[in-house]
Structures are given as C-alpha cells and as structure tokens.
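Read the structure below first, then the notes.
Each reported figure results from applying straightforward, stated rules to the coordinates on display, with no laboratory input. Everything numeric here is computed off the predicted structure, so don't read it as measured data. With ideal geometry, Cβ positions are generated from the backbone for all residues, glycine too; neighbour counts draw on all protein chains shown.
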Amino acid sequence: MAELLAALVPHPPIIVEEIGRGELDRVARTREALFRVADEVKQFSPQTILLSTPHNTFIPGRIGVLTGDPLIGSFAPFGFPEGEHRFGNDRGLTEAMLADSELAGFLSPLDSGELDHGALVFLDFFRRREGDAKLVVFTASYGDLDAFWRFGQALGRFLRGREGRFVYVASGDLSHCTKSAPGRHYHAEGPEFDRIVAEAVQSASAESLLKLDTSFVERAEQCGLYSFLIAFGLFAGEKVRGEVLSYEDPFGVGYLVGMLRPE
C-alpha cells in the first residue's frame, strides 16, 4: 500500500532568489518554509511527485494531465532564463490514471510537456535541495468545488492501491486582494478567504472550503483553492494532521505554505 504526503505551496516567482533579489526579505518566511517542505519531500524520497497548477491549459469541467516527456520549463518570462528545470514524466502512472475508470471521469490528457511557473517555483526549491523524482502534472484552474474534492478522493484510492511513496504538491496562491498595492485593489473577501483556508489547513478539514459561495471565491481573487481541495480529498476518511508552516502577504497576495500528513 502506498505512502502519501501532501504539501500546499504558493508560486510567486519573486520568491526565487535570482528573480526576487532586493525583495527577498519581504518573503523570508515563505522561502524558509518552502525549503523546509523541500527538505521533507526529499527525505520522504517519493518515486513520483504529483503536482497541480492553476496556470496551465484550462479545460472547462475537466482536470488536465500533461503527457509530454520530458517536462521542461524555465523562468525566462521573469528575467531568469538560466532557471530551467527538466523532469521525467511518470508516463506509466499517467497512463494508468487515464485508463482508470474512476479517474478517467475527471481527467483529460494534454499533449504538452511545458512546466509553467505554478509548477516551477516549488520544483526550483526542491532542486536547490538536490531533490529528484518523476512528475505527474495536473491543471486545476476553475470549476465546481466538489468535483475537485471528489477527484482527490478518487486519486487517493487509486494511489493507495499501488506500491511506493507519492507526494502531492498543491500549488496555488491565496487571495490577490488582501491589501491595496500597485496594480491591486483591496477586497474584504481577500483576508477573510485566507483566514478560512489557513484554519482549514491547520484543522486538516475541507468542510468550510466546500461551503464557500462562488461569488465570495471570485471576489477573493484566488488561484489555489482547487489544487488545495484535491490535496484534502486525498485524505478523506483518513486520520491526518494539518500544519501551516507560514503565511504572509507582503504584496497583497496571500502566500500559505502547509502540510497534510497522515497519522
């Protein structure tokens, strides 16, 4: 039976050393927490990291899974072209998921091997700790909250039927309107959304997230909820411990780093 671990991570390129430069002090807690996650994932030694990003191809009503191999991306759009990363796609696992009758109801194959910044930020921290594993990359952009939760449950059942160690990385920023900042406008729903998510992670319960109103979520201007719901679904019905390692919003965007660990 497989061993599972889940990490919830933000993905602002500004926290990458060569991109953030003079701003790094403002995201010091986020960077420290991400290095802690990278260390824990490396020590866990997974054969495959399954990662969901909201910034790749969006398929209405579906969750995409990249089928290209290798999986490659760089921070060139953010002024750091040397920051390229290349990972092997766990094609055997990807093909098995697409052939699984339950998972196939959620998934659509994407003929692409492009890693966007939603995937690259965590992978950059992981590589700096000399971590390595094969990847499976999902796109989780928008849709019915319950569908992402149910996909997480189905994925958890699928993985537990296999042997090995797997880490799920739910990549996503929280609200993009927690305070007024250049190019941003404050919405009261922003900090409230971030509070609800942080409490859900700490209590390891998705109940409050599944009750969120669509208009509230839209006003919060977030991008991580759908990835996070998949992570929670993985452990539905299991004893799990949640931990918020850090939270900060120096630029008006909420950055939460958290873990879900089975007990």
I'd like to verify a number: residues in region 77-121 that are among the hydrophobic types (A, V, I, L, M, F, W, C) and within 21 Å of Gly224 (Cβ to Cβ), how many? 8
Which condition number does Ser74 fail, the rest of (1) touching a Phe, Trp or Tyr at 6+ places or on another chain (Cβ under 7 Å); (2) closer than 16 Å to His11 by Cα being met? (1)
Name the pairs: first residue in region 145-163 and crowded, with 17+ Cβ neighbours inside 10 Å, second residue in a helix (DSSP H, G or I) and hydroxyl-bearing (Ser, Thr, Tyr), Cβ to Cβ under 6 Å, at least 6 apart or on different chains? Phe148/Tyr226
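Suppose we keep only residues that are of a type in the set (Val, Ile, Thr) and part of a strand (DSSP E or B) within region 32-86. Which one would you say is surrounded by the fewest Cβ atoms within 10 Å (Cβ to Cβ)? Full working, then the answer.
Looking only at region 32-86, we keep the residues that are of a type in the set (Val, Ile, Thr), and these are 37, 41, 48-49, 53, 57, 59, 63, 65, 67, 72.
Then drop every residue that is not part of a strand (DSSP E or B), which leaves 48-49, 53, 63, 65, 72.
Working: Thr48: 23, Ile49: 26, Thr53: 28, Ile63: 22, Val65: 24, Ile72: 14.
Of everything passing the filter in region 32-86, Ile72 is surrounded by the fewest Cβ atoms within 10 Å (Cβ to Cβ).
Taking only region 137-163 into account, find how many residues are of a type in the set (Lys, Arg) and assigned to a loop (DSSP other than H, G, I, E, B). Talk me through it step by step, then tell me what you get.
Within region 137-163, the subset of a type in the set (Lys, Arg) is 150, 157, 160, 162.
Retained after the next criterion (residues that are assigned to a loop (DSSP other than H, G, I, E, B)): 162.
Number satisfying all stated conditions: 1.
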Mind checking which residues of region 122-136 are part of a loop (DSSP other than H, G, I, E, B) and more than 14 Å from Ile49 (Cα to Cα)? Arg129, Glu130
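Just checking, does region 166-188 include any residue being in a loop (DSSP other than H, G, I, E, B), closer than 22 Å to Thr67 by Cα, touching a residue at least 60 places away in the same chain (Cβ under 8 Å) and not acidic (Asp, Glu)?
Narrowing region 166-188 to residues in a loop (DSSP other than H, G, I, E, B): 172-180, 182-183, 185-188.
Now drop any that are not closer than 22 Å to Thr67 by Cα, which leaves 172.
Now drop any that are not touching a residue at least 60 places away in the same chain (Cβ under 8 Å), which leaves 172.
Among the residues that remain, those that are also not acidic (Asp, Glu) are: 172.
Yes - at least one qualifying residue is present in region 166-188.
Table: residues versus (1) of a type outside the set (Ser, Thr, Tyr); (2) in a helix (DSSP H, G or I); (3) more than 19 Å from Gly143 (Cβ to Cβ).
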site	(1), (2), (3)
Ala96	yes, yes, yes
Pro109	yes, no, no
Ser112	no, no, yes
Leu120	yes, yes, yes
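Give the residue that is nearest to Gly190 (Cα to Cα), with candidates limited to residues of region 205-257 that are part of a strand (DSSP E or B) and hydrophobic (A, V, I, L, M, F, W, C). Show your work before the answer.
Kept after step one, since they are part of a strand (DSSP E or B), are these residues of region 205-257: 240-248, 255-257.
Within this subset, residues satisfying the condition of being hydrophobic (A, V, I, L, M, F, W, C) are 240, 244-245, 256-257.
Values: Val240: 27, Val244: 18, Leu245: 20, Leu256: 13, Val257: 17 Å.
This residue is Leu256.
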